[in-house]
Amino acid sequence: QVQLVESGGGLVQPGGSLRLSCGSSGRWFRIYAMKWYRQAPGKQRELVAGITEDGNTNYADSVKGRFAISRDNPKNTVYLQMNSLKPEDTAVYYCYADGQKYPYTPRATYWGQGTQVTVSS
């Protein structure tokens with residue numbers, strides 16, 4: 001069974017930095033895309049950043065220039081470096097992966113349990 005586990009969240013002051021990590025356990029044949037989403041209280045879950053297996057990235061406009069997504073393919077791990085954090089970045093951050101457990105099996109999506117990021121003075 002594949003599981004995604006996030007870490008690295010916490011409380012940080014405005015202007016500070018955090019680095020989120022998302023590791024995956026279980027068997028993977030191939031992971032296509034890995035992404036970070038976030039959900040603030042009372043708001044819908046939104047895409048923060050994504051990265052393909054080739055390393056192509058995309059970002060929400062609100063985080064461009066401040067956040068950087070990266071991945072370690074041999075470790076099936078994705079990271080999110082968050083700099084110049086603002087109070088509006090406060091949310092639960094979720095890791096997402098799109099992949100196959102075995103060859104010739106359907107692709108499936110997986111979510112982590114989320115990690116809280118709070119930006120406050």
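Considering region 7-32, and only residues there that are in contact with a Leu (Cβ under 6 Å, 6 or more places away or on another chain) and either open to solvent by 50 Å² or more (accessible area, probe 1.4 Å) or in a strand (DSSP E or B) (or both), the residue that is farthest from residue 114 (Cα to Cα) turns out to be 12.
The rows are residues; the columns are (1) touching a Pro at 6+ places or on another chain (Cβ under 8 Å); (2) acidic (Asp, Glu).
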residue	(1), (2)
6	no, yes
10	no, no
17	no, no
38	no, no
41	no, no
53	no, yes
67	no, no
71	no, no
86	yes, no
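The values are calculated or read from the model by the stated rules, or taken from the named source; none is laboratory data. Worth saying up front: this structure is predicted, and the values here are computed from it rather than measured. Every residue, glycine as well, gets a Cβ built from its backbone with ideal geometry; the counts of neighbours run over all protein chains shown. For the accessible areas, the whole protein counts, side chains as well, though only heavy atoms, and no ligand, DNA or RNA atoms are used. Shrake-Rupley method; radii C 1.70, N 1.55, O 1.52, S 1.80 Å.
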